[in-house]
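Below is one structure, written out as structure tokens, with a few remarks after it.
What follows draws every value from the coordinates through simple rules; no lab data is involved. Just so it is clear, the structure is predicted and the values come from calculations on it, not from any experiment. Every residue, glycine among them, receives a Cβ derived from its backbone with ideal geometry; neighbour counts consider all protein chains shown.
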Ligand code: GAL
């Protein structure tokens, strides 16, 4: 009853607005509760006025991933589409997933095409998180809500979503936590990473794309955690590997040639690069856990299997199930016209020989 009255009012208000502005009904107004049940034909106008009420099975979704060749984001996008279709009732044909090809201009084009084709919501893994203000404005103008994933826009931007009531949100995991867990994993080894017993942990750091907050914080907080555990540290090398296995392999190979036994720990901002590092470590006849330590982040199956086999010191589970499902749930909330928080965080989980088997079961 109440809903009927609200709808009639909404239609009336909208008609007045249309007449006055002659530009149609803006939906950036009331963030009210919306119905989720299937729409009756006669209520179509009211639903349009409702600014939401899109039936899930008819909802068009535009997804763009910064780069399809990224191992972790491949697991993420697979889970995202699976969950949307199998568990939330989206129609696969209505979901468009684009490869941003690590090129922001290309991705911005894709977003423009999503706008032209009239998607109801977007889920975006930006190539450059610094382009969030521009992208958010494009989406806002087109009245399309946006869920950012994986690469967190800076705080000024996310604060603006709240203060200006923009339908944009971010879901990810706290990169500081993943870095801290990496440092703790080294601090929890029998000699706290100081294999040669000289009182200092000498390490190399293989970084992801440094524009990315995950790369920045993992680099900083892994070392901070080790130092907080009472260790002195020495950075022998810091080099970007852009999340890429082949680069991780090459950087480690060169570093082992240059620094040899001095390297006690190889910190990698993700598992793909750590798997590359492991190839170089094995080729140089070094032994994980005996004369060198190696940690990554993500919990790719190969990395976790290597922990079980004693060939990796540890990793950190970057929960793509929780993040992908959370992103889809946020998109649904937007489609229902609900308000959502600007920032949504999913926890990381430490992965060491103690729980590697258990994590492996979960991700297989
Ligand atoms: C990180 C992940 C990396 C890479 C990156 C892309 O969270 O650990 O492996 O996928 O996101 O932005």
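Quick notes
- Net length available on complete extension from residue 188 to residue 358 is 59.2 nm, with 0.36 nm assigned per residue and the Cα-Cα distance removed.
- Bins of 5 Å from zero: percent of alpha-carbon pairs in the range 270-364: 3, 13, 22, 17, 12, 10, 8, 6, 4, 2, 1, 0
- Gyration tensor verdict on the range 176-317 (Cα atoms; rounded if a/c is under 1.5, prolate if a/b is larger than b/c, oblate otherwise): rounded
- Neighbour counting of Cβ atoms within 10 Å sorts the residues 162, 108, fewest neighbours leading, into 162, 108.
- A simple packing score, the average count of other Cβ atoms within 10 Å per residue, orders the peptides 335-348, 143-156 as 143-156, 335-348, with the highest score first.
- As a proxy for reagent exposure, ranking 96, 315 by other Cβ atoms within 10 Å from fewest up yields 96, 315.
- Förster radius 30 Å - calculated FRET efficiency between residue 211 and residue 347, Cβ distance, rounded to 0.05: 0.80
- Estimated from helical segments only, the mean residue ellipticity of the chain at 222 nm is -13500 deg cm²/dmol, where each DSSP H run of four or more residues counts as -39500 (n - 2.57).
- For the range 176-317: relative contact order, % (alpha-carbon pairs under 8 angstrom, 6 or more apart): 26 percent
- Computed log₁₀ I(q)/I(0) - Debye formula, equal Cα scatterers, no solvent, the chain, q 0.06, 0.12 Å⁻¹: -0.28, -0.86
- Exposure proxy ranking for 181, 267, based on other Cβ atoms within 10 angstrom of each Cβ and starting from the fewest, stands as 181, 267.
- Extension gain for residue 257-residue 117 works out to 45.1 nm (0.36 nm per residue, less the C-alpha to C-alpha distance).
- The distance linking the range 128-149 with the range 348-364 is 35 Å (Cα centroid to Cα centroid, whole angstrom).
- With the simple spin-label model, which puts each label point 7 Å out from Cα in the Cβ direction, the residue 338 to residue 88 separation comes to 1.1 nm.
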